[in-house]
1. Going through region 190-232 one residue at a time, which ones are farther than 20 Å from residue 269 by Cα and surrounded by 13 or more Cβ atoms within 10 Å (Cβ to Cβ)?
2. Residues in region 37-44: is at least one part of a strand (DSSP E or B) and more than 19 Å from residue 148 (Cα to Cα)?
3. Restricted to region 154-194, and to residues that are within 19 Å of residue 234 (Cα to Cα) and in contact with a helix residue (DSSP H, G or I) (Cβ under 7 Å, 6 or more places away or on another chain), which residue is modelled with the lowest pLDDT?
4. Among the helices (runs of 4 or more DSSP H) lying completely within region 59-143, list those that include at least 1 residues that are at pLDDT 80 or above and closer than 17 Å to residue 31 by Cα.
5. Would you please name the residue that is modelled with the lowest pLDDT, looking only at residues in region 285-319 that are under 18 Å from residue 367 (Cβ atoms), buried (at least 19 other Cβ atoms within 10 Å of the Cβ) and in contact with a strand residue (DSSP E or B) (Cβ under 7 Å, 6 or more places away or on another chain)?
6. Would you check if residue 322 is within 24 Å of residue 236 (Cα to Cα), modelled with pLDDT of 90 or more and touching a strand residue (DSSP E or B) at 6+ places or on another chain (Cβ under 6 Å)?
7. Do you know which residues across region 403-417 are in contact with a helix residue (DSSP H, G or I) (Cβ under 8 Å, 6 or more places away or on another chain), surrounded by fewer than 19 Cβ atoms within 10 Å (Cβ to Cβ) and either within 19 Å of residue 363 (Cα to Cα) or at pLDDT 90 or above (or both)?
8. Within region 74-87, how many residues are crowded, with 16+ Cβ neighbours inside 10 Å and either touching a residue at least 60 places away in the same chain (Cβ under 8 Å) or farther than 17 Å from residue 54 by Cα (or both)?
């Protein structure tokens, strides 16, 4: 059985290949003949009956009815007919079948009828009596043009389908990329609190290793550091919850947080951050207190990322200041415009109602070059070395500000420094 099975299988395979390779026969075109005289109508039928599917009409209304029921490629129309003229029939056919090709025939040629036929995009104009070669050539040319247009239309539909599939694929890839960005952002954001935790644990270890016994002062030192460590571990948990909520498309908590507490938490984070190095750092809380109407951890992440970015703008020692101010009136948004030294973010999405909290992070570093400024919020864009930055810090700032219905204004001056000013919705500190 195995000896005969192989030749049979090969024969079936060869037959399948032959069938697949055989082009499908082209469809016969459909030709509509419209003439109120039976003689010319029958003559045309005899000429084309072997080449096309024919539809015959002795007047305009019949021709239009046939066009409503059938796909017609080419129509031969007598211009002078009782009732509706050929020009009127063609005009109506254009509404029913805009793609139809038309050939006009007449025994009474006038400039006006030629002009009207051209206006209605008739592809040919033939005088009666016509010879067979002329009418055949005209119909064949019209039919070829119609078939070509049909193939182009079909190809265009296939291209459109392929583009739709490609777009869907790009959307899926973008979703996957966004998730990857979020995972990278989680690592980036948690790194700050973990750096603080690690620094304080090292201090505690040194303190405990050096002491043979613990005095009251040592216990107070340890308690203070443990409170800070506990707070930063809580920050890590909040960050992970926020991003998990984003991945699950859930809204995060937005409990109001006092600005003074936020500034204090930020200062503790920054004082032990490795980026501070020999740089000068100053924090200026607002006069009075107010709550911010977005998640407090989001505010700290915004300010921390901007502060670290300010520290890393230069390898030379420089000054970085973080401050806050309470605004009791809406902003004049007409003053916010992009320019060579200014970059505006999310002004259109700002909840511009008093009170607002204005945070600023200012450095006296080298400033941002004009050609770099438009790119600073792009993901993974960085001017630092491969081990000095991920290019995600300012992109994270952008995301959190948009989610918090805030706005940001970046002002930079070459040789003088850069100021990032963030505007966030505020609320009374006593409100839940």
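1. Once the filter is applied, which keeps residues that are farther than 20 Å from residue 269 by Cα and surrounded by 13 or more Cβ atoms within 10 Å (Cβ to Cβ), region 190-232 yields 207, 218.
2. The initial filter retains those residues of region 37-44 that are part of a strand (DSSP E or B), namely none.
Scanning region 37-44 turns up no residue that is part of a strand (DSSP E or B) and more than 19 Å from residue 148 (Cα to Cα).
3. 185
4. On the way: elements: 60-69, 86-96, 111-119.
Those helices (runs of 4 or more DSSP H) span 60-69, 86-96.
5. Quick first cut of region 285-319, residues under 18 Å from residue 367 (Cβ atoms) only: 306-319.
The next check asks that each one be buried (at least 19 other Cβ atoms within 10 Å of the Cβ); those that pass are 306-313.
Of the ones still in play, those that are also in contact with a strand residue (DSSP E or B) (Cβ under 7 Å, 6 or more places away or on another chain) are 306-307, 310-311, 313.
Values: 306: 92, 307: 92, 310: 91, 311: 91, 313: 87.
Only one residue tops the list, namely 313.
6. Values: within 24 Å of residue 236 (Cα to Cα): yes; modelled with pLDDT of 90 or more: yes; touching a strand residue (DSSP E or B) at 6+ places or on another chain (Cβ under 6 Å): yes.
Against the criterion (within 24 Å of residue 236 (Cα to Cα), modelled with pLDDT of 90 or more and touching a strand residue (DSSP E or B) at 6+ places or on another chain (Cβ under 6 Å)), residue 322 qualifies.
7. Within region 403-417, 405 is the sole residue that qualifies.
8. Here the count works out to 9.
The values are calculated or read from the model by the stated rules, or taken from the named source; none is laboratory data. What you see is a predicted model, and the numbers here were worked out from it, not measured in a lab. Neighbour counts run over all protein chains shown; Cβ positions are idealised from the backbone, glycine included.
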